[in-house]
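Have a look at the structure below, then the notes.
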Amino acid sequence: MQDDKSSRKRKRKSKIGSSADPSCNDASIICDKRKKVVKKVELPASSTVVATNSLKQSKSNAFLDKMRAKLSGGHFRMINERLYTCTGDEALSYFKEDPSLFNVYHTGYQEQMFHWPEQPVNIIIKWLKSRKTSLVVADFGCGDAILAKNVKNKVFSIDLVAKDPSVIACDMSNTPLDSSSIDVSVFCLSLMGTNFPNYIQEAYRVLKPSGWLLIAEVKSRFDPNNGGADPDRFVNAVSQLGFTLISKDFSNKMFILLYFKRKEEKQSSKGKQIEWPELKPCLYKRR
């Protein structure tokens with residue numbers, strides 16, 4: 001009887017041993033149905049530290065990016081204010097001393113434009129596409145030369161710094177363009193200098209008789225209720241220079257559009273004093 005009991009005990013132990021791997025009692029070991037050890041999961045004590053450090057690094061990078069954006073935005077606003085409060089010649093000298101500032105300015109400018117629901121340059125592009133491609137265009141204050149890249153017309157792109165090989169770098173009041181050689185002169189958010197009337201006078205000089213002058217400007221600059229210029233006074237001044245207002249568009253929330261044509265007869269500026277209204281600087285707020 002004792003031998004039978006011993007025999008049954010040995011058989012039970014044998015069955016247990018054959019049906020399960022004793023090592024599977026270790027909770028850190030995973031076994032499959034074939035009783036083979038597949039993988040031993042080990043969690044290093046340092047893993048929590050690594051994860052914590054990674055999270056801290058991510059937060060630190062996000063903070064640095066935020067600070068860089070603030071510094072960049074502040075730098076843009078400083079340059080923007082300077083351009084609105086100096087002459088074109090002074091602005092040209094400013095960028096000649098440090099051309100990289102022009103890139104800083106245009107990066108900030110593009111960021112501001114991103115928030116506008118509609119871009120005035122796109123309206124001007126559409127206007128040009130509705131007319132003959134033979135019209136020669138002068139884009140005063142062209143920036144990235146977007147206008148020239150989106151129309152089939154010959155376009156003279158003019159700005160203080162040449163961001164593109166096709167851009168003519170100069171003071172907009174003194175361009176190398178020939179007199180009466182241009183069909184359309186464009187100022188798209190570029191009447192920035194304190195001597196902006198000189199820019200329009202230069203546009204008049206290079207335009208052919210009956211040539212077009214297109215001006216797109218920030219709407220707040222022409223809001224007399226908030227320190228802006230009276231738009232009628234501005235139109236009157238441009239007209240005295242030798243233009244006729246063809247149409248105006250004040251429907252957009254962010255900007256206005258004025259369409260002039262140069263008069264056929266040549267205007268004489270001798271002894272003629274035009275009273276130009278002061279255009280309010282467009283100073284961007286911190287976002």
Checklist entry - So is S239 modelled with pLDDT under 95, in a helix (DSSP H, G or I), small (G, A, S) and more than 23 Å from D144 (Cα to Cα) or not? => result no
Next on the checklist: Kindly evaluate F196 against the criterion of being over 19 Å from K263 (Cβ atoms), in contact (Cβ under 8 Å) with a residue 60 or more places away in the chain, crowded, with 18+ Cβ neighbours inside 10 Å and among the aromatic types (F, W, Y).
Outcome noted: yes
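Can you find, within the stretch 117-128, the residue that is farthest from D139 (Cα to Cα) among those that are touching a residue at least 60 places away in the same chain (Cβ under 8 Å) and open to solvent by 20 Å² or more (accessible area, probe 1.4 Å)?
We begin by selecting, within the stretch 117-128, every residue touching a residue at least 60 places away in the same chain (Cβ under 8 Å); these are 117-118, 120-121, 123-124, 127.
From what is left, the residues that are open to solvent by 20 Å² or more (accessible area, probe 1.4 Å) are 117-118, 121, 123, 127.
Working: P117: 22, E118: 19, V121: 10, I123: 14, W127: 14 Å.
Among residues in the stretch 117-128 that are touching a residue at least 60 places away in the same chain (Cβ under 8 Å) and open to solvent by 20 Å² or more (accessible area, probe 1.4 Å), the one farthest from D139 (Cα to Cα) is P117.
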Item to check | Residue tally, condition of a type outside the set (S, T, N, Q), buried (at least 20 other Cβ atoms within 10 Å of the Cβ) and assigned to a loop (DSSP other than H, G, I, E, B), over the stretch 178-192 | outcome: 3
Item to check | Residue in the stretch 203-224 that is open to solvent by 10 Å² or more (accessible area, probe 1.4 Å), touching a helix residue (DSSP H, G or I) at 6+ places or on another chain (Cβ under 9 Å), in a helix (DSSP H, G or I) and hydroxyl-bearing (S, T, Y) present | outcome: yes
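Before we move on, is D171 of a type in the set (D, E), closer than 19 Å to Y199 by Cβ and out of contact with any helix residue (DSSP H, G or I) (no Cβ under 6 Å at 6 or more places or on another chain)?
In short, no.
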Checklist outcome for this item: Note on N252: of the conditions (1) buried (at least 16 other Cβ atoms within 10 Å of the Cβ); (2) farther than 16 Å from Y84 by Cβ, unmet is (1)
Next on the checklist: Residues that are modelled with pLDDT of 95 or more and under 17 Å from the mean Cα position of the chain (by Cα), at least 3 per element: which helices (runs of 4 or more DSSP H) completely within the stretch 75-148 meet that?
Outcome noted: 120-129
Next on the checklist: Go through (1) surrounded by fewer than 20 Cβ atoms within 10 Å (Cβ to Cβ); (2) under 17 Å from V186 (Cα atoms) for S100 and report which single condition fails.
Outcome noted: (2)
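The values are calculated or read from the model by the stated rules, or taken from the named source; none is laboratory data. Computed from a prediction, not measured in an experiment: that's the story for all the values here. A quick note on method: Cβ atoms are made from the backbone with ideal geometry, for glycine too, and the neighbour counts reach across all protein chains shown. For accessibility, only protein heavy atoms count, side chains too; no ligands or nucleic acids. Shrake-Rupley method; radii C 1.70, N 1.55, O 1.52, S 1.80 Å.
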